[in-house]
Amino acid sequence: MARSDAPAMRPASTAEASFARRAADYATGAYGVAAAEVQKLRHDPLELVTRALQPVLWLLLFGEVMAQVRGMSQGSLRYLDFLSAGILAQSVLFVAIFYGISAIWERDLGVLQRYLVSPAPRSAIVIGKALSASVRALSQATIVYILALLLGVGIDLDPVNIAGVVIVIGLGSALFSTFSLVIACFVKTRERFMGIGQVLTMPIFFASNAIYPLALMPAWLRAVSHLNPLTYEVDALRALMLTGGASDYGVPLDLAVLAGVAAVLIAIAARMYARMGF
């Protein structure tokens, strides 16, 4: 019996080994793209300094002024606490939404063609770019955290909640950077991309709960915000980032929405990325 069972086990073992090898190659391809992108950030640290100016201005100027307006805060949270999670999400959005322009640069410089002839699956390349966008977003999040602590915002420093914030930021930056890549695949020129990126950024930001509660919105804007992925990112960040923070939708639903939309956009971008070189 033992002799007859042995041959039957080999196909399964071979299939498992083949799957493991493909998974390793896939992860290696994604990591290689992400590492190349992160190298750019290491060689240009000034970018981090310049990107820090925007959250500083929002929290110091807008936050301090709007804190004087009644009804802007939510529940027991001060408005500055309420705003800090929204500004963190805004920083992630602004970093990620213009990420697609790098793909246009790569096409013009011939880097895109080298990616396309590599054995890495197209989806692995897209995921690698999403991972590198997440690294940039996390560096931005560190700046916002430090600034919020200096301003006396009630930041929850529980390691579990911080890990949750990292996951939310990773999903949010992956979603919007991939959305940006899809746009880049359509427009194919830097000038068009910059124009469309600027047109999209503000509506996405203001049609969310980043700077004011959903309860203050008119009914039509509240309906739009329910369809806006940034709303779910901000909602999860408020629950995880702030002491006493709460979620309107529930963090599991927020994560499910972000992960689902990101997966759809990655699938679309993977199909379109190869056509960008033509």
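None of the figures in this text is laboratory data; all of them are computed from the coordinates on show. Remember, it's a predicted structure, so these values are computed and weren't measured experimentally. Every residue, glycine as well, gets a Cβ built from its backbone with ideal geometry; the counts of neighbours run over all protein chains shown.
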Sorted by chain and number, the residues with a modelled amide H under 5 Å from that of residue 242, at a separation of 5 or more or across chains, are 156
Semi-axes in Å, largest first, for segment 85-242 (Cα gyration tensor, √(5λ)) are 30, 20, 13
Per-residue Cβ contact counts at 10 Å, fewest first, order 183, 268 as 268, 183
Per-residue Cβ contact counts at 10 Å, fewest first, order 248, 254 as 248, 254
Phi-derived 3J(HN,Hα) across segment 77-92 with the Karplus relation (6.51, -1.76, 1.60, θ = phi - 60°), rounded Hz, x for Gly and Pro, is 6, 5, 5, 4, 5, 4, 6, 4, 5, x, 6, 4, 5, 4, 4, 4
Ranked on Cβ counts within 10 Å of their own Cβ, fewest leading, 194, 202 go 202, 194
